Amino acid sequence: MLRSAKISYLLLYFLFFLFGHSPISNSEIIIRDVETENFIAKLTKPIFRAANLEQESVSIIILKNKEINAFVTGGQNIFLTTETLLQAKDYTEIAAIIAHESGHIAGGHLAKLREKIERESKKAHFANLIGAGVGIITGGGVKAAQGVAGGIQEAIRRNIMAFTRAHEGAADQAALKYLETAKIPARGYESFLTTLMKRERIRTGNVNPFIQTHPLTKDRLENISNYLKNRRTNQNFNKELQDQFLAIQAKLYAFLKSSNQTTRKYPNKNQQLEDQLANAIVNYKKGRIKKAVLAMDQLIVNSPNNPYLFELKGQMLFENGKLWDSIEAYEQAVKLLPNEALLLMALSQARIATNEKENIVQALKELSRSVNIDSKNITAWYLLSIAYNKIGHQGLSLLSAAEKFILLGDYKTAKNYAKRAKKALPSNSSGKLRAEDILILVE
């Protein structure tokens, strides 16, 4: 199931200083999808092992965005845009992108960049003082001051650009080694950068390469091509991963693009999974629910052990008010993947919507499992709050709401809910102790 949520981030000063804008806007839409996340986890496991990174410590976050982009920020967080996933020719290109970002993490580039910018920002402040002094001495006033300060700041900017170019080159070399160790064909790196180079020619023309935030793709491509010529890079292409990637692409495309675009790219006459999946989603988006569900049933007959087909069928049914049928579909998905937090949450959401006590009690069990697996899922805590409220457990409902607002970064509201939860919960209960912990945290 494709789920989206708006999330706010603090703008990183050093990114704004460097690029003139942050790669993350104040409110970005994050895409959550079980199949996509599991695919990426499977793909990245050998890459992270090669980079000596713990998989549990690195988060890969998918942003809904029409630009091809990937970057590291906020520690060990790798951000991928949906357009990057859609434009990749095969799974090896995604592997190459993640390997590159892993090179930034393993090399500590973000921390080094922050230190560099702190040093350079002091120079920038000094430049302003010098400029002001020159304005006074020469009598040139503001214009003279701005001219001197601006010249020094431009030199500082170029200095930082050179620093980032060195990091990009280092990340490229690290990525190639990771891919080779992970036995993933590195040709995907070359093909992806070829695509970027074509776009760069269209968008940037003959822009001075020294003022680019990254080295020109042509330069990087030549370095990578030379590396590949001198090494064995013909590892086996993984057809299973590629088939799953094509299905994920089709699903993303059908949800994010218009129905006309989807049917042009994925003709209904084709019998491949990705074509049939995309067309089922088109029917679902157009409100042709019977046709969409029938298409899903046909896909399930061909792949009865594919939990993601049951999940998508459940979503279609749930969002069209067919709660009991959706529960049945979600139950099949959970049966096949019992420890997936998002699947447990989707099933519990359908149960809660029936407004029947027996279903709500069962939903509480599933939601408790869900947050135990993924304690940072805001929607799961929200649903827990609703479910507890429906069966009269006000203390636990308030506590769940407090957990939700902590994750949203709204400590003031979290404190309010935690105070109320503490009063409502029994003495020495685990819930009351957690409420007290939250109050300490938000102080």
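The values are calculated or read from the model by the stated rules, or taken from the named source; none is laboratory data. As the structure is a prediction and not an experimental result, all values here were calculated from the model. Here the Cβ is made from the backbone with ideal geometry for all residues, glycine too, and neighbour counts use every protein chain on show.
Out of curiosity, is residue 343 in contact (Cβ under 8 Å) with a residue 12 or more places away in the chain and crowded, with 22+ Cβ neighbours inside 10 Å?
On the way: in contact (Cβ under 8 Å) with a residue 12 or more places away in the chain: yes; crowded, with 22+ Cβ neighbours inside 10 Å: yes.
For residue 343, the condition - in contact (Cβ under 8 Å) with a residue 12 or more places away in the chain and crowded, with 22+ Cβ neighbours inside 10 Å - is met.
For the list (1) touching a Phe, Trp or Tyr at 6+ places or on another chain (Cβ under 9 Å); (2) of a type in the set (D, E, K, R); (3) more than 23 Å from residue 334 (Cα to Cα), I need the number of the one condition that residue 251 fails.
Here residue 251 clears every test but (3).
Output the residues belonging to the range 434-443 that are farther than 18 Å from residue 407 by Cβ and surrounded by fewer than 13 Cβ atoms within 10 Å (Cβ to Cβ). Let's see the steps before the verdict.
Going residue by residue through the range 434-443, those that are farther than 18 Å from residue 407 by Cβ are 436.
Those that are farther than 18 Å from residue 407 by Cβ and surrounded by fewer than 13 Cβ atoms within 10 Å (Cβ to Cβ): none in the range 434-443.
Please find, among 311, 240, 274, 319, the residue that is among the charged types (D, E, K, R) and farther than 30 Å from residue 96 by Cβ.
After ruling out the rest, the residue left standing is 319.
Please specify each residue of the range 77-107 satisfying the condition of being surrounded by fewer than 19 Cβ atoms within 10 Å (Cβ to Cβ) and polar (S, T, N, Q).
Those that are surrounded by fewer than 19 Cβ atoms within 10 Å (Cβ to Cβ) and polar (S, T, N, Q): 77, 87.
Can you find a residue in the range 56-65 that is under 19 Å from residue 175 (Cα atoms), of a type outside the set (A, V, I, L, M, F, W, C), at pLDDT below 80 and in the same structural domain as residue 191 (by TED's automatic domain parsing)?
Among the residues of the range 56-65, not one is under 19 Å from residue 175 (Cα atoms), of a type outside the set (A, V, I, L, M, F, W, C), at pLDDT below 80 and in the same structural domain as residue 191 (by TED's automatic domain parsing), which makes the answer no.
Would you mind listing the helices (runs of 4 or more DSSP H) fully within the range 239-298 where at least 2 residues are closer than 22 Å to residue 34 by Cβ and among the aromatic types (Phe, Trp, Tyr)?
Counting at least 2 such residues, we get 239-256.
Among the candidates 422, 365, which residue alone is at pLDDT 95 or above, out of contact with any Phe, Trp or Tyr (no Cβ under 8 Å at 6 or more places or on another chain) and surrounded by 15 or more Cβ atoms within 10 Å (Cβ to Cβ)?
Only one candidate qualifies: 422.
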